[in-house]
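Worksheet for the structure shown next.
Only the coordinates and a few stated rules stand behind these numbers; no lab work does. Owing to the predicted nature of the structure, the values given are computational and were not obtained by experimental measurement. FYI the Cβ positions are ideal-geometry reconstructions off the backbone, even for glycines, and counts take in every protein chain you see.
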Amino acid sequence: MDQRRKDKKRKWFRPLKQGFLIAFSAGCLAACGQTASYQNAKGSAAEYTPGQIMTVAATERNRYQNIYTGQLWSVAADGSGTTFESLLKGQMEQFLTELAAINLLAEEKGVELTNQEKTQVQSLTDTYFSSLTPEDLDYMKVSKDEIYDLYSKYYLADKTVSQLTDEKALEVSDAEAKVIRILQIETDTEEKAETLWKKVNEPKADFASIAEKESGGSQVEFQLEWSDTLNALEETAFSLEQDQISEIISWEGKFYIQKCISAYDEEATAARKLRLLEEKKARAFDQIYTPFIQNHPIRLKNGIWEGVDFSQGEKCTSDDFFQLYHEMGE
């Protein structure tokens, strides 16, 4: 796998469609006893097997139960009394619908997995399937072929998003993503600000200690992100060099003194750069996805959640289906 594909796979589809974000971040569903079909406007249909649905269900259910408790599924998630179990089933339905839609889009655009990618999917399938315990398999009732097919759908959706977004047009510069850290003193009067400004500019003065003691604000250290809508206070902060102390700044009835303690927060900037890139990808892909799904509506079969119960399969502990996929790209 080339480096560009590896970089993209670390975050995959999460920023690109809200349904995927919800499904992978908030949990999904449990078992169903029938095949879940989806159908597009042209009348062609495809299927998710009960085992495939259970694979995602078990993964997310177990991940949440490891953090919280299995009792959460009967707890009301909103004021109308909707339980977390019902909420997650709805989110999973959205996930399955969007996964189907992106695979349909891949077919229309001629995006396919290469032989090398299919080999990677097979290796991933072998790794995941061999990790399942008898209790996992009893609950999920999934075959290795079903796992391979589900991973293939997931991988193909990933690849489709990557190919249909123009990477050059989505570049984010270091300046655009820049994050800095400052210390700031806030006062109510200019007179006090002048006194403190002289104090922090004395040789060997400890700006942080003075700020903690003298500032009228509840916070003295700030992490600031660059934008094209900075206010006057933020503009001053971004104009400072490393360890530079500002002049007194008058803004909205108060007076401020700032010191730059990091003119370029490398780790925070890198994280923000990735986030901004994902947001740009989301907007770019949505311009393709929205009109496509309007012309190719997909709906899951009614009643697929009948008889589904999150409280079953207590001895099933598998929770790394998606984690293994993302690790494949690292």
In nm, the gap between the two label points placed 7 Å beyond Cα toward Cβ at E191 and F222 is 2.6
Farthest towards the positive end of the dipole of region 90-161, among Q120, S143, A101 and with Cβ unit charges of +1 on Lys and Arg and -1 on Asp and Glu, lies the Cα of Q120
Computed from the beta carbon distance with a Förster radius of 56 Å, FRET efficiency for S123 and T82 to the nearest 0.05 stands at 0.90
Everything considered on the Cα gyration tensor (a ≥ b ≥ c; rounded for a/c under 1.5, else prolate if a/b is larger than b/c, else oblate), region 73-168 must be described as oblate
Out of P203, F310, G217 - ranked by how far each Cα lies towards the positive end of the dipole of region 174-328, with unit charges on the beta-carbon of charged residues - the top one is F310
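Between A232 and Q71, what is the FRET efficiency for a Förster distance of 51 Å, r being their Cβ-Cβ separation, to the nearest 0.05? Provide the component values of the computation, followed by the final result.
Details: r = 51 Å, r/R0 = 1.01.
That pair, A232 with Q71, gives E of 0.50.
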Expressed in angstrom and rounded, the centroid-to-centroid distance over alpha carbons for region 64-79 and region 263-282 is 33
